[in-house]
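The structure under discussion appears below in the form of structure tokens.
The values are calculated or read from the model by the stated rules, or taken from the named source; none is laboratory data. What you see is a predicted model, and the numbers here were worked out from it, not measured in a lab. We place every Cβ from the backbone using ideal geometry, glycine too, and count neighbours over all the protein chains shown.
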């Protein structure tokens with residue numbers, strides 16, 4: 001059930017259990033009803049059997065009056081499916097008396113079919129009738145002493161049992177089908193409305209993650225309220241941890257920058273000394289490395305902030321004005337084509353850091369023109385988030401595949417004549433990765449390098 005919602009899983013589980021319960025209950029009830037119908041039919045057969053045995057035990061009755069007390073017209077209707085038979089079993093030439101319905105046929109013996117005598121001295125079972133009917137038959141041996149031994153049998157059409165059971169099964173199936181539909185509708189109602197607070201919490205958390213809200217708001221049922229409170233407490237604790245991390249990073253930055261400044265000042269006072277020159281060189285490297293790692297520590301905390309959203313178009317426009325001023329002496333023009341609905345799921349400072357490094361790098365290497373394009377891509381999966389794509393092109397000489405792989409590594413520079421420490425692209429790669437994004441380098445349509453930055457959008 002991967003990807004399925006909790007409501008769907010609960011509904012499928014409830015439906016499966018409901019089907020199983022109704023099926024088992026239906027089978028049990030059908031079996032119970034069949035047994036009850038069969039017992040009622042057997043009582044009817046036993047009544048006829050006892051009447052016949054009483055008639056056999058009173059042979060003084062005139063022949064035309066014997067066996068007239070059964071009261072069942074079907075015994076008079078030929079091949080009706082209702083028969084009785086009395087056969088003498090203690091003489092070489094068996095004497096046989098039977099109902100008129102049996103015509104000239106004979107009933108089979110249950111004894112010959114392996115049926116056992118019950119504690120009441122009778123046998124019960126199903127046999128095939130004269131016309132292929134399925135009969136329910138009861139027989140009992142009777143010993144009248146000097147008057148002889150007899151086997152009394154009574155059979156009835158078992159179609160009555162089957163028809164009654166089948167009709168009951170139809171009614172039971174219809175009733176259970178209607179009951180199942182009602183129960184399924186009730187389950188759907190309970191699942192949908194019972195889980196509505198959880199759905200509201202899920203939507204509220206999505207709003208918090210996308211920056212549309214800061215906390216879970218509103219009233220929740222007693223069962224869900226603790227979850228909402230703990231979620232809000234977790235969000236508050238997360239913000240406190242991030243703020244403490246920023247404070248520690250800032251304190252560390254000030255603590256390290258002061259000694260470095262003292263070293264640089266002392267070495268600057270002795271610029272003629274080769275040792276002082278080396279100290280200044282290494283101090284610059286140390287300053288760049290410290291700045292890099294402090295920046296990594298700072299940006300590592302920022303993506304954990306929930307609910308921060310930045311408008312991209314204003315940030316890129318402000319960046320264009322700044323870069324045109326910085327590179328005014330080279331006459332670099334910067335073009336922009338930005339989607340006004342583009343939003344970055346992160347802080348403005350981090351967006352400026354990443355896009356600023358890319359645009360500054362493009363301006364350094366461009367011949368005369370830099371072009372910035374901001375696109376918003378729809379989610380790749382249902383329920384996913386859109387992606388923000390920032391593309392920076394320049395018309396410089398561009399880079400080969402090997403050179404592109406080299407400049408992505410920290411501290412690597414292809415041209416020492418250009419200002420910088422070689423950490424810009426590395427910082428962009430690290431920061432983009434912390435946000436779940438990526439940076440790729442390629443060839444620009446205008447002739448130079450293309451830097452493509454992918455970040456989470458809103």
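At-a-glance table
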| quantity | calculated |
| --- | --- |
| Residue selected from region 246-272 under the condition surrounded by fewer than 12 Cβ atoms within 10 Å (Cβ to Cβ) and outside any helix (DSSP H, G or I), by the criterion modelled with the lowest pLDDT | 271 |
| Test: residue in region 224-245 that is within 22 Å of residue 195 (Cβ to Cβ) and modelled with pLDDT under 80 | yes |
| Verdict on residue 212 being outside any helix (DSSP H, G or I), modelled with pLDDT under 75 and over 30 Å from residue 20 (Cβ atoms) | yes |
| Residue selected from region 67-79 under the condition in a loop (DSSP other than H, G, I, E, B) and touching a strand residue (DSSP E or B) at 6+ places or on another chain (Cβ under 8 Å), by the criterion modelled with the highest pLDDT | 70 |
| Failed item, numbered, when residue 115 is tested on (1) in a loop (DSSP other than H, G, I, E, B); (2) within 18 Å of residue 143 (Cβ to Cβ); (3) touching a strand residue (DSSP E or B) at 6+ places or on another chain (Cβ under 7 Å) | (2) |
| Selection count where residues are closer than 30 Å to residue 58 by Cα, without any contact (Cβ under 8 Å) to a residue 12 or more places away in the chain and not in a helix (DSSP H, G or I), scope region 121-174 | 1 |
| Residue check, residue 404 free of Cβ contacts under 8 Å to residues at least 60 places away in the same chain and in a loop (DSSP other than H, G, I, E, B) | no |
| Test: residue 132 is more than 30 Å from residue 54 (Cβ to Cβ), within 57 Å of the chain's Cα centre (by Cα) and in the same structural domain as residue 80 (by TED's automatic domain parsing) | yes |
| Count - residues of region 358-401 that are assigned to a loop (DSSP other than H, G, I, E, B), closer than 14 Å to residue 447 by Cα and touching a strand residue (DSSP E or B) at 6+ places or on another chain (Cβ under 9 Å) | 8 |
| Flag if residue 346 is surrounded by 18 or more Cβ atoms within 10 Å (Cβ to Cβ) and not in a helix (DSSP H, G or I) | yes |
| Test result for residue 325, at negative phi and modelled with pLDDT of 85 or more | yes |
| Test: residue in region 395-416 that is assigned by TED's automatic domain parsing to the domain that holds residue 339, modelled with pLDDT of 90 or more, surrounded by 14 or more Cβ atoms within 10 Å (Cβ to Cβ) and at negative phi | yes |
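Here is a yes/no grid of residues against (1) more than 24 Å from residue 40 (Cα to Cα); (2) surrounded by fewer than 14 Cβ atoms within 10 Å (Cβ to Cβ); (3) modelled with pLDDT of 85 or more:
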position: 65; (1), (2), (3): yes, yes, no
position: 82; (1), (2), (3): no, no, yes
position: 93; (1), (2), (3): yes, yes, no
position: 111; (1), (2), (3): no, no, no
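Here is a yes/no grid of residues against (1) surrounded by fewer than 12 Cβ atoms within 10 Å (Cβ to Cβ); (2) farther than 30 Å from residue 13 by Cα:
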{"site": "116", "(1), (2)": "yes, yes"}
{"site": "123", "(1), (2)": "no, yes"}
{"site": "130", "(1), (2)": "no, yes"}
{"site": "155", "(1), (2)": "no, yes"}
{"site": "163", "(1), (2)": "no, yes"}
{"site": "174", "(1), (2)": "yes, no"}
{"site": "193", "(1), (2)": "yes, no"}
{"site": "218", "(1), (2)": "yes, yes"}
